[in-house]
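First up is the structure itself, then whatever we jot down about it.
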Amino acid sequence: ARYHAMEERANLMNMMKLSIKILIQSALSLGRTLDSDFPPLQQFFVVLEHCLKHGLKVKKTFIGQNKSFFGPLELVEKLCPEASDIATSVKSLPELKTAVGRGRAWLYLALMQKKLADYLKVLLDHKHLLSEFYEPDALMMEEEGAVIVGLLVGLNVIDANLCLKGEDLDSQVGVIDFSLYLKETQDSDGKQDGGITAVLDQKHYVEELNRHLSCTVADLQNKIDCLEKTNSKLQEELAAATDRIGSLQEEQQQLKQQNELIRERSEKSVEVTKEDTKVELDTYKQSRQGLDEMYSDVWKQLKEEKKIRLELEKELELQIGMKTEMEIAMKLLEKDTHEKQDTLVALRQQLEEVKAINLQMFHKSQNAECSLQQKMEAISSFEGKANEMMSSMKQMEDRLQHAEKARQTAEERCNKMKQELAGKLDTCRQQMSQLDSKCSTLEKELKSEKEQRQTLQRELHQEKDATTLLKTELQQMEGLKKELRKLQDEKQNLEKVCEEQEQALQEMGLHLSQSKLKMEDIKEVNKALKGHTWLKDDEATHCKQCEKEFSISRRKHHCRNCGDIFCNTCSSNELALPSYPKPVRVCDTCHTLLLQRCSSNSS
């Protein structure tokens, strides 16, 4: 059962590696956000669902037996408060009626947030809580779960836009499509014989290794048979030499004591080796986590620098547009100022003309007042004369009888004079009303002209303030131009650094992908056939032979014989070893030793 569970875990981990690799390659080739209809993304979710279902415990309820992977995912909300939004949004969807559908929706939302690896890592850090849902030999409880979480960190490069409404997540059947993986491997390995041939070559290589191992096992079995035969002969000799037992008992006791000492030493050495292996495993896990964190940090820095670059370009465009608008506005303001200066000159001329007209009207009004006073004096004199005439009429009443004709004529003359005086008074009154109306109109015109003058002065002050503001803004624009030049220089330097870092990361990624595939096979073969310790990459910072420090240009290379790390110049030799059918890389010291052994064996 354990062997079967180990095979299942290994197969699921390999399928997960393939699905993540195909998804990242296809997403980078398309260069856009992925939808839920994208086949590699669908296959990735199917494989992830199988990994989460591996080793799930069956829970019995009143309704029946329940086996769902949404139970452990609900723990993330308690362990990581950032995941509470995902849990509330999943529970608020009315279309989801089963736990399987809610688990699928949770995975979709976590992938869109680019925190799927972080949430699963939180779960793996609390395995005592996972033991309620998983069997001890489940994938999430073993080391393969940590490996899969490390692989999921690479999915932070992908942008996904998955619509949950309208999709039937409850009744979907998760079936792995192996044809997709075969097509992808054929497309990616088009320069070689194809994906299937590469797998077959690896199979043949493993079969050859197994054949070599079987040969060594057969040789060991023959030696064991020979030893058994010799043991039988020795037993016969011991039966024949029972007389010597007495003399050899003391030696036997000494040998027993030595055997006990050797056993104790062997047990101590076994314990030390176990502790060393545990420490090596811990260091390997920490180094792998550090590399994954470095990779994610570098990707985040690249994204931030790209965002800063886009923002700077947008600011440049806005500032160029502002500059053109400012130049146009300056030209328009200059035109407006010239026009307003012309209007001011014209208005001043009109004011002077209006003042002259006002003076003329003032003189006329004074003349009219003088004439009115003269006329009033004439009227008063006429009234006095009329009074005198009335008195003379009273004095001459006695003479009326004698001079009735003279009286009638005098009365007629008086009536005519009264009519003439009334007409003159009416004309004077009309002239006075006309002069009053003209004065009121002139006062209104003066008030309007004063208001226009005040408004023009205000506009002049506003335009002066606007010109001062524009001058300050022009000075700020010049400072911004200098800052833009500095930022462009810094941007170029950063782009150069980014390009160098991208090249280094690409080379490191290729080196890591090649070394990770070969590490396991090399370790197993070396441990089975030699027992040499394989030195880790993190433990070596200098070449063991020339003691030069490793860098991006000076790479690390393992010697396939001793397991130590050397530079390219100190490990440029190749020899065929018993554990490798083809010639492999060997350091200079191992090369000389192996040549000496070959020469001694041949002699």
Search segment 246-303 for residues being touching a residue at least 40 places away in the same chain (Cβ under 8 Å) and of a type in the set (A, V, I, L, M, F, W, C), and hand back the single one that is farthest from residue 534 (Cα to Cα). 302
Please go through segment 578-587 and give me each residue that is at pLDDT below 90 and either part of a loop (DSSP other than H, G, I, E, B) or charged (D, E, K, R) (or both), ordered by number. 578, 579, 580, 581, 582
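Evaluate segment 394-417: report whether one residue or more is among the hydroxyl-bearing types (Ser, Thr, Tyr), open to solvent by 50 Å² or more (accessible area, probe 1.4 Å) and part of a helix (DSSP H, G or I).
Yes, some residue in segment 394-417 is among the hydroxyl-bearing types (Ser, Thr, Tyr), open to solvent by 50 Å² or more (accessible area, probe 1.4 Å) and part of a helix (DSSP H, G or I).
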Which number in (1) assigned to a loop (DSSP other than H, G, I, E, B); (2) of a type in the set (Ser, Thr, Tyr); (3) in contact with a Cys (Cβ under 9 Å, 6 or more places away or on another chain) marks the one condition that residue 119 misses? (1)
Looking at 232, 179, 214 in this structure, which one is at pLDDT below 70, polar (S, T, N, Q) and either farther than 30 Å from residue 579 by Cβ or assigned to a helix (DSSP H, G or I) (or both)? 179
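Going by what's in this entry, would residue 281 be described as surrounded by 11 or more Cβ atoms within 10 Å (Cβ to Cβ), part of a helix (DSSP H, G or I) and either at pLDDT 80 or above or in contact with a strand residue (DSSP E or B) (Cβ under 7 Å, 6 or more places away or on another chain) (or both)?
For residue 281, the condition - surrounded by 11 or more Cβ atoms within 10 Å (Cβ to Cβ), part of a helix (DSSP H, G or I) and either at pLDDT 80 or above or in contact with a strand residue (DSSP E or B) (Cβ under 7 Å, 6 or more places away or on another chain) (or both) - is met.
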Residue under question is residue 455, and the condition is that it be out of contact with any strand residue (DSSP E or B) (no Cβ under 9 Å at 6 or more places or on another chain), part of a helix (DSSP H, G or I), at pLDDT 85 or above and at negative phi; does it hold? yes
Enumerate the helices (runs of 4 or more DSSP H) found wholly within segment 1-113, keeping only those where 3 or more residues are over 26 Å from residue 132 (Cα atoms) and polar (S, T, N, Q). 2-30
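The values are calculated or read from the model by the stated rules, or taken from the named source; none is laboratory data. Just so it is clear, the model here is predicted, and its values are computed rather than measured. When we count neighbours, we look across all protein chains shown, and the Cβ atoms used for this are built from the backbone with ideal geometry, even at glycine. Ligands, DNA and RNA are stripped out before the accessible areas are found, and what is left, the full protein with its side chains, is counted by its heavy atoms. Shrake-Rupley method; radii C 1.70, N 1.55, O 1.52, S 1.80 Å.
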